[in-house]
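Report on the structure given below.
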Amino acid sequence: MTDNRNTILAVILSGLVLIAWQYFYNVPAMEKQRAQQAQAELQKGTTPQPTASSTPGATPQGGTTPQAAPGANQQAQPVVARSAAIAASPRVKIDTPRLTGSIALKGARIDDLALVQYRETVDPKSPAIILYSPSGTAEPYYAEFGWVAATGSTAKMPDASTVWQQEGSGELTPTSPVTLKYDNGEGLTFRRKISVDERYLFTVKDDVTNVGNAPVTVYPYALISRHGTPQVSGYYILHEGLIGYLGDHGLQEYGYKKMDETGRVPFKATNGWLGITDKYWASALLPDTSAQLQASFSSNLSNNLRKYQTDYLLDPQTIAIGGTGSANARLFAGAKEAGVVGINFPFTGLGGYNKELGLNHFDLLIDWGWFYFITKPMFLGLDFFFRLFGNFGISILLVTVIVKLLFFPLANKSYASMAKMKSVQPQLQALKERFPDDKVKQQQEMMEIYRKEKINPVAGCLPVLIQIPVFFSLYKVLFVTIEMRHAPFIGWIKDLSAPDPTNLFNLFGLIPVDPTQLPLFGHYLALGIWPIVMGITMWFQMKLNPTPPDPTQKIIFDWMPLIFTFMLAGFPAGLVIYWAWNNLLSVIQQSYIMRRNGVKVELFDNLKATFAKKAT
């Protein structure tokens with residue numbers, strides 16, 4: 001029974017890791033390659049020609065609602081360099097501790113943003129991450145705010161071609177907002193005051209004054225538009241695409257492919273937010289929590305180029321002669337830092353914008369997954385120790401120790417039961433000799449021995465069952481949180497969220513070849529130093545137990561460390577470090593409990609026996 005249990009346990013654990021590797025690593029890698037090939041073929045066949053403007057997808061038709069969107073009929077422009085597109089329009093510079101860029105006076109769009117604290121690679125001199133780019137570039141991405149007139153109205157509204165004027169001068173900084181002005185020449189004057197904080201929040205206050213000869217009905221709107229289908233990580237555990245939490249509709253997530261199939265999804269909601277998210281960066285509209293929203297997600301194909309948009313339309317305002325209408329909007333545009341976005345969790349957590357602005361589950365902008373009740377505290381623990389020691393690698397080691405301590409009583413019982421099971425092995429062997437042909441009698445006598453010795457035959461499963469959710473929650477945290485991006489450990493590990501960069505198959509860099517780039521099987525040839533260390537610690541853990549008498553079980557246990565070494569080699573280095581450290585702690589803990597229960601620790605004897613057999 002013991003042998004069968006251990007064999008089944010080994011097979012289950014191996015299967016779980018194999019499935020995880022296939023699900024999280026191999027399949028997404030192949031899908032990403034296919035997507036890149038498809039994109040290359042598309043670019044080869046046609047040259048995308050992005051248009052100069054987008055249409056608020058939330059704009060309904062009929063009644064007193066707007067019938068057209070600003071700039072919807074503009075002609076397509078050829079693709080130009082980002083620097084040329086920025087230089088083509090007068091601009092107001094944006095300069096904050098975390099953002100640089102500019103606001104285009106033509107259209108009054110926020111369409112030029114770079115995240116100065118984040119770089120494309122671990123090299124601090126590499127280019128800063130570009131978030132927004134103007135229309136007309138290869139990858140337009142911007143936020144737009146404004147007003148649309150009611151159906152049948154001839155009032156001239158500002159659109160994407162409107163050139164605004166800055167009142168006064170100076171840059172947009174956390175201490176100096178800017179005000180833009182546009183007079184339509186027909187009695188309507190539009191003013192827009194834009195403020196920004198020291199993180200990633202823009203506040204936009206729009207006013208329109210009517211000195212004409214008739215009342216005017218207008219609708220405030222806001223949109224985020226992205227042209228072209230961006231490359232995504234392609235992992236099922238991470239959402240990238242359109243996202244929002246829209247009142248009673250709850251969390252809404254539409255990937256780019258799903259959005260292409262759907263076309264447009266409208267929502268009517270209160271207390272909502274919506275935007276577009278990448279793995280580490282996001283852009284989101286944060287209207288007043290009391291605002292009645294006509295919101296939508298949309299995907300449109302124009303000039304062989306996809307346009308994705310999230311937008312909302314507010315209730316109409318009728319501005320009397322001599323009156324003024326106002327609308328407030330907020331825009332988050334930046335990195336999805338947990339401390340900035342916020343984390344909701346009982347008794348602890350991080351407030352961020354979610355708490356400061358009273359938003360509705362804005363912390364879900366970070367994809368914590370279905371098992372958020374594990375991933376959130378896992379991150380909070382890692383973040384706590386990072387603030388103390390300044391190194392997420394050390395945080396992983398300390399959190400692993402804490403997890404071990406939390407489950408120490410349970411693991412104690414498990415290892416103690418396993419130790420007792422070893423102590424009764426002679427009695428079990430005697431049963432086999434005493435009843436060689438009566439399996440039923442063997443089982444009955446075996447269970448009687450277990451009862452007398454107070455042994456739980458399935459106790460050995462508990463440490464593994466505990467380790468699996470911790471393993472996957474740590475993987476999730478390493479994969480989705482920007483805090484882990486480019487987070488160094490010690491030595492050659494410069495990014496805990498990336499695989500170990502060293503490789504046995506090029507002699508750890510001595511041979512100037514990257515074997516992982518080889519076609520077909522290259523991704524199987526990632527085997528760095530830490531995966532090897534992990535495999536060795538797992539081998540030690542296996543050798544802590546006596547050699548299984550069953551040949552099939554022995555083969556499984558002999559090959560398991562090697563299989564796991566290759567399977568985990570492509571996983572984030574932080575996860576492999578956790579597994580190696582956890583193995584080492586398990587060896588120490590199990591050895592201690594075995595000694596305390598009077599069972600001989602056979603680790604060194606088994607190691608000697610292994611090498612002695614190889615020597616002969």
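Projection of the Cα convex hull of the range 189-317, averaged over all directions and equal to a quarter of that hull's surface, yields 10.1 nm².
A simple count of charges around Val122, restricted to other residues whose Cβ falls under 11 Å of its Cβ and scoring Lys, Arg +1 and Asp, Glu -1, yields +1. Computing Rg and the Kirkwood Rh from the Cα coordinates of the range 357-398 gives a ratio, Rg/Rh, of 1.08. A Förster radius of 22 Å, combined with the Cβ-Cβ distance separating Ser326 from Thr289, puts the computed FRET efficiency at roughly 0.80.
When we measure straight from the Cα of Lys193, which aspartates and glutamates land under 18 angstrom away, once same-chain ones fewer than 8 places off are left out? Within the straight-line limit of under 18 Å, Lys193 reaches these aspartates and glutamates: Asp95, Asp111, Asp112, Glu144, Asp159, Glu167, Glu171, Asp183, Asp206, Asp207, Asp288. Each label point was placed 7 Å from the Cα along the Cα-to-Cβ direction; for Lys413 and Val211 their separation is 8.1 nm. Quick check on the range 161-212: what does the Kirkwood estimate of hydrodynamic radius come out to from the alpha carbon pairs, in Å? Answer for the range 161-212: a Kirkwood hydrodynamic radius of 12.0 Å.
The value of relative contact order for the range 129-233, using C-alpha pairs under 8 Å at least six residues apart, is 30 percent.
With r as the distance between the Cβ atoms of Leu405 and Phe505 and R0 = 45 Å, compute the FRET efficiency 1/(1 + (r/R0)^6) and round to 0.05.
0.75
Plugging the Kirkwood radius over Cα pairs into Stokes-Einstein for the range 99-154, at a temperature of 37 °C and a viscosity of 0.692 mPa s, what D comes out in µm²/s? For these conditions, the coefficient is 249 µm²/s. Karplus-based coupling profile of the range 158-174, in residue order and whole Hz: x, 9, 5, 9, 6, 9, 8, 10, 8, 7, x, 8, x, 8, 8, 10, x, with θ = phi - 60° in 6.51 cos²θ - 1.76 cosθ + 1.60 and x standing for Gly or Pro.
Can you tell me which of 330-336, 531-537 comes out highest on packing, and rank the rest after it, using the mean Cβ neighbours within 10 Å?
Details: 330-336: 23.3, 531-537: 21.6.
Highest mean packing first, the order is 330-336, 531-537.
Residues in the range 378-388 carry Karplus couplings, in order, of 4, 5, 4, x, 4, 5, 4, 6, 5, 5, 7 Hz; the curve used is 6.51 cos²θ - 1.76 cosθ + 1.60 with θ = phi - 60°, and Gly or Pro positions show x. At an R0 of 51 angstrom, the distance between the Cβ atoms of Ser153 and Phe521 translates into a FRET efficiency of 0.20. Compared with the direct C-alpha span, the chain from Arg264 to Ala430 gains 52.5 nm at full extension, assuming 0.36 nm per residue.
Over the C-alpha atoms of the range 296-341, the Rg to Rh ratio, Rh being the Kirkwood estimate, stands at 1.16. Using the average count of surrounding beta-carbon atoms within 10 Å as a protection proxy, the listed peptides 273-281, 183-191 rank, highest first, as 273-281, 183-191. Label zone of Ala128 (point 7 Å out along Cα→Cβ, amide N under 13 Å): in the range 79-116 this covers 93-103, 112-116. Per atom type, the range 186-341 shows carbon and sulfur on 45% of its accessible surface, probed at 1.4 Å.
The values are calculated or read from the model by the stated rules, or taken from the named source; none is laboratory data. Note that the coordinates shown come from a computational prediction; the quantities given were computed from them, not determined experimentally. FYI the Cβ positions are ideal-geometry reconstructions off the backbone, even for glycines, and counts take in every protein chain you see. For the accessible areas, the whole protein counts, side chains as well, though only heavy atoms, and no ligand, DNA or RNA atoms are used. Shrake-Rupley method; radii C 1.70, N 1.55, O 1.52, S 1.80 Å.
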